[in-house]
Amino acid sequence: MNKPKVYITNSIPKEVLDYIGKHCDYEIWDNEENIQREELKLNLKDKAGVMLTGIKIDEDLLQYAPSLKVVSNIAVGYNNFDIEAMKKRKVIGTNTPYVLDGAVADLIFGLILSTSRRITELDSYVKKGQWKASDDKNLYGTDVHRTTLGIIGMGRIGEAVAKRAKLGFEMEVLYYNRSRKVETEKSLGVKYSDMDNLLEKSDFIVLMTPLTKDTYHLIDAEEFSKMKRTAIFINASRGQTVNEKALIEALENKKILAAGLDVYETEPINKDNPLLKMDNVVTLPHIGSATARTRFDMAMTAAENLVKGVLGEKPKYVVPELEDLI
Ligand code: GLV
């Protein structure tokens with residue numbers, strides 16, 4: 001019997017590729033540069049499955065993929081899925097939850113610490129030979145321990161951040177979420193808060209909500225104006241959850257103290273983005289889940305989703321909006 005045909009747009013570990021090869025005939029984009037949409041369209045003509053990250057899956061693309069059954073995202077976020085278009089064509093979409101929670105939470109703490117203690121800024125100060133006196137008050141940062149952390153979006157990653165904050169840093173943790181999480185409040189000792197109270201009370205604000213039409217520009221000029229002037233803002237979700245112009249304006253006018261960013265409205269970030277010139281902003285290139293172990297686990301999870309999907313079985317992580325298609 002012929003194996004189902006699949007396409008893979010990312011380079012993935014050999015073990016994962018071998019697993020896919022046992023069940024499917026695969027083709028893989030083998031190039032340093034990311035695959036372009038038009039190239040992908042040509043490759044999807046006869047494929048039952050595709051494994052990818054970040055590429056918009058809409059009617060414009062799906063019309064070139066008449067045999068497609070499953071799109072397997074190598075990511076937990078799936079804002080690249082046009083759910084209506086996929087429903088119409090009965091294409092299921094899957095993601096890779098759980099395996100990246102710890103890595104992303106670790107990185108968020110990296111951003112909290114590097115912004116508050118000015119680690120990247122002072123690293124370049126030392127390397128440039130500017131270090132003169134050790135007890136220079138100009139080098140002071142702000143405390144993390146025993147301050148208040150506000151988490152917007154209390155999913156699994158939010159909970160992993162809260163755990164670190166409560167146990168490791170003795171922080172008071174407020175959270176805002178679409179639905180209240182009473183069990184988490186009990187188990188982690190976090191407190192539910194409305195958005196305004198969280199913005200007003202928090203020393204650190206971590207945005208960890210998925211990007212949907214409801215969370216687009218969730219944090220805008222009004223939200224920044226409610227934050228403390230000493231607040232530090234961290235975004236490791238999706239760039240479009242924040243109005244970046246408003247963030248820049250808040251930083252330029254000292255409405256907040258600093259920002260730690262892993263995501264941007266445009267990625268890769270434009271070279272002339274004012275954020276790149278600010279010493280009080282730590283910028284990372286969307287690496288929340290980028291450790292070898294986590295990326296291996298994500299690739300394997302995505303591969304299992306892909307294989308199940310093309311074999312007509314139920315993949316483990318079908319995104320909730322498309323579960324009815326199974
Ligand atoms: C990364 O941004 C992901 O959604 O997994």
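List of remarks:
- Selection of the range 80-100 for residues being open to solvent by less than 60 Å² (accessible area, probe 1.4 Å), assigned to a loop (DSSP other than H, G, I, E, B) and within 14 Å of the ligand (Cβ to nearest atom) yields N80, N95, T96, P97, V99, L100.
- Within the range 73-92, residues that are in the same structural domain as V319 (by TED's automatic domain parsing) reach partners that are within 8 Å of the ligand (Cβ to nearest atom) and assigned to a helix (DSSP H, G or I) with beta carbons closer than 8 Å, at six or more positions or on different chains, in the pairs I74/M298; A75/M298.
- Residue match in the range 288-299 (condition: open to solvent by 60 Å² or more (accessible area, probe 1.4 Å), in a loop (DSSP other than H, G, I, E, B) and within 16 Å of the ligand (Cβ to nearest atom)): yes
- Qualifying position, being touching a residue at least 40 places away in the same chain (Cβ under 8 Å), in contact with a strand residue (DSSP E or B) (Cβ under 9 Å, 6 or more places away or on another chain), open to solvent by less than 60 Å² (accessible area, probe 1.4 Å) and farther than 19 Å from I112 by Cβ, among A236, A258, A303: A303
- Test: residue in the range 260-268 that is closer than 19 Å to L199 by Cβ and at pLDDT 95 or above: yes
- Members of the range 56-79 that are away from the ligand (no atom under 13 Å from the Cβ) and touching a Ser or Thr at 6+ places or on another chain (Cβ under 7 Å): V70
- Any chance K245 is open to solvent by 60 Å² or more (accessible area, probe 1.4 Å), part of a loop (DSSP other than H, G, I, E, B) and at pLDDT 95 or above: no
- All positions within the range 1-49 that are among the charged types (D, E, K, R), part of a loop (DSSP other than H, G, I, E, B) and touching a residue at least 40 places away in the same chain (Cβ under 8 Å): D46, K47
- Inside the range 263-281, residues that are in a helix (DSSP H, G or I) and surrounded by fewer than 16 Cβ atoms within 10 Å (Cβ to Cβ) make up a count of 3.
- From the list L218, L284, the lone residue that is more than 16 Å from the ligand (Cβ to nearest atom), open to solvent by 40 Å² or more (accessible area, probe 1.4 Å) and in contact (Cβ under 8 Å) with a residue 40 or more places away in the chain is L218.
- The range 161-199, subset buried (at least 21 other Cβ atoms within 10 Å of the Cβ) and closer than 15 Å to D106 by Cβ, residue nearest to the chain's Cα centre (by Cα): V161
- Flag if V263 is touching a helix residue (DSSP H, G or I) at 6+ places or on another chain (Cβ under 6 Å) and within 16 Å of the ligand (Cβ to nearest atom): yes
- Top-ranked residue of the range 306-319 - restricted to ones that are open to solvent by less than 20 Å² (accessible area, probe 1.4 Å) and among the hydrophobic types (A, V, I, L, M, F, W, C), ranked as farthest from the ligand (Cβ to nearest atom): V310
- Just one of the listed residues (T142, T120, T148, T115) is open to solvent by less than 20 Å² (accessible area, probe 1.4 Å) and either closer than 17 Å to A258 by Cα or of a type in the set (S, T, N, Q) (or both), namely T115.
The values are calculated or read from the model by the stated rules, or taken from the named source; none is laboratory data. Quick caveat, the model's predicted, so the values are computed rather than measured. Cβ atoms come from the backbone with ideal geometry, glycine included; neighbour counts cover every protein chain shown. For the accessible areas, the whole protein counts, side chains as well, though only heavy atoms, and no ligand, DNA or RNA atoms are used. Shrake-Rupley method; radii C 1.70, N 1.55, O 1.52, S 1.80 Å.
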